[in-house]
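Take a look at the structure set out below.
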Amino acid sequence: MTFASRAHPAHAVSFREALFTGLAPDGGLYHPVESPELGPLFSSFDDSTSFEELANLTITRVLSPELTERDVKSIVSRAFGFAPVVRRLDDSILLLELFHGPTCAFKDFGAQFLAAAMEHLLGERDRRIQILVATSGDTGSAVAHAFFRKRNIDVVILYPSGRVSELQEKQLTTLGENVHALEVSGSFDDCQRLVKEAFQDPFLRDRLRLTSANSINIGRLLPQSLYYAFAATRKGMLASSGAAGSGHAFGGDPVICVPSGNFGNLTAGVYAWHWGLPVGSFIAATNVNDVVPRYLSTGRFAPRPSARTLSNAMDVGNPSNFERLEEIFRRDWRDMAARIRGIAVSDEQTLRTMGDIDRTHGVLVDPHTAVGIAAAKSQLDEESAGDARIIVLSTAHPGKFAETVQRATGRVPDMPERLAACLSLPSRSVKVGPEFSQVSSYLLDRFG
């Protein structure tokens, strides 16, 4: 598979170049040039196929011959010491738990694979690289832990001051060594803009070897497509009706509901569908930052400043991966809207859903997962939904948002030890303004 930007589709590059460049030289995102036919491979998977086996077979097929089967097995074995888990919530909704990695969030899948792939491809002789990351919450902690002490790699994480939880901030500011945190006085959109400006600055690119671990890096999205394949091929789970026991597939291929902010996660799922994964449709579940749901209804993409919500990792007013979605659907919003439905969920609905799920099922969920469940239930309440089976991506452990969970349910969620351990550690970060000159000066002073 090769990759190119939208502006220069004829200038295709290898996976390695796309991985280490992050953004294309013209400032655009890299898109897959080819669309591999993986339908027969996906059809061969079932409940007995482990996640590691699925990852090895899929990534080898996608990236061969650039990466050999041996290369892929080495990367996958180092990246995935954890796996997704599919659980039934009720007769219609399944939860795809993606929080069993080291930082208890779905971002671990992309970050761990990216770090393992970069370290494998860098080898011992390449000079040091600098990774820039903008985070609205979980990306920063996942990237920090994935790249901690990786050879020849420094990580600089930009996060919005006062807009991430205490635990999220602790996870990305307490490691030190090759992990550096910049606390930006602004929003996530400011952080994302600063990263993009750094990539487009010719002086910085000449002095440093910059790349990104945000979802603007295609190396993040390819591994995220794997858990969609894992969930959609759990044939026994999908066929079973739970209470009814009828054994049919509930309307055919499953609907997948994705809590969405910067839209990298949804894009990864759409890639998997585009390559042959049997998915009926997608739900893009957002909070009040509903730029994409509005586009899906009107055909007009109108970015705006992000608003703060309880589901803070989704507080994005100008999602960068929208460009990739447009490319998949050849910029035809009607085609996109036929496959993806956008549903926005308020903070009030989020809290109510968290409380309802606890009372009805005894299950605690984080606010991002609650947005997904609320959107799924909205879909199911409509007559047109029929007997659809919906897989909701459960993107973070409830312990990462203990205050919000307690507010919604009156219960304090268990805190995994790997999360609790960082709370007592001292934070180390550098405060900067939203001006590019401050970030540029920091990078040149430390790495130039």
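Read-outs throughout are calculated quantities, based only on the coordinates presented, and are distinct from any laboratory measurement. Bear in mind the structure is a predicted one, so any value in this text is a computation, not a measurement. In this analysis, Cβ positions are derived from the backbone assuming ideal geometry, glycine residues included, and neighbour counts consider all displayed protein chains.
What fraction, in whole percent, of alpha-carbon pairs in the stretch 200-241 exceed 14 Å separation?
Working: 566 of 861 pairs.
Summing the P(r) of the stretch 200-241 above 14 Å gives 66 percent of all pairs.
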- [ ] Would you list which aspartates and glutamates come within 13 Å of Lys107, measuring only between C-alpha atoms, while excluding same-chain residues fewer than 8 positions from it?
- [x] Glu97, Asp138
- [ ] Under a 10 Å cutoff between Cα atoms, tell me which one of Glu66, Glu327, Glu177 has the largest fluctuation in the Gaussian network model of the chain.
- [x] Glu177
TODO: Using a Gaussian network model of the chain whose springs link C-alpha atoms within less than 10 Å, name the residue from Arg352, Arg411, Arg127 with the highest mean-square fluctuation.
DONE: Arg127
- [ ] Enter the Cα centre distance for the pair the stretch 351-370 and the stretch 108-122, rounded to the nearest angstrom.
- [x] 33
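Once you sort the root eigenvalues of the Cα gyration tensor of the stretch 295-448 as a ≥ b ≥ c, which label holds: rounded (a/c under 1.5), prolate (a/b larger than b/c) or oblate (the other case)?
Details: a/c = 2.52, a/b = 1.13, b/c = 2.23.
Oblate.
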Task: Relative contact order of the chain, defined on C-alpha pairs under 8 angstrom at six or more residues apart (%) - done: 19
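By average Cβ neighbour count within 10 Å, what is the ranking of 298-305, 182-189 from highest down? Please list the in-between numbers first.
Values: 298-305: 11.8, 182-189: 21.8.
The densest-packed peptide leads the list: 182-189, 298-305.
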Open item on the list: Between Tyr228, Tyr295, Tyr271, where does the largest GNM mean-square fluctuation fall for the chain, given springs only between Cα atoms within less than 10 Å?
Closed with: Tyr295
TODO: May I ask for the distance between the Cα centers of the stretch 131-172 and the stretch 14-78, given as a whole number of Å?
DONE: 24
Open item on the list: Between the stretch 410-445 and the stretch 301-330, how far is it from one alpha carbon centroid to the other, in angstrom?
Closed with: 23
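I want the antiparallel fraction of DSSP beta bridges within the chain, as a percent rounded to 5.
20
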Open item on the list: Modelling each spin label as a point 7 Å along the Cα-to-Cβ direction, I'd like the Ala239/Ser64 distance in nm, to one decimal.
Closed with: 2.8
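Evaluate the chain: find the radius of gyration of its Cα atoms, find its Kirkwood radius, and give the ratio Rg to Rh. Don't skip to the end; give the middle numbers.
Working: Rg = 20.6 Å, Rh = 21.9 Å.
Rg divided by Rh gives 0.94.
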Task: Peptide ranges 3-15, 138-150 listed from the most packed, as the mean C-beta count within 10 angstrom indicates - done: 138-150, 3-15
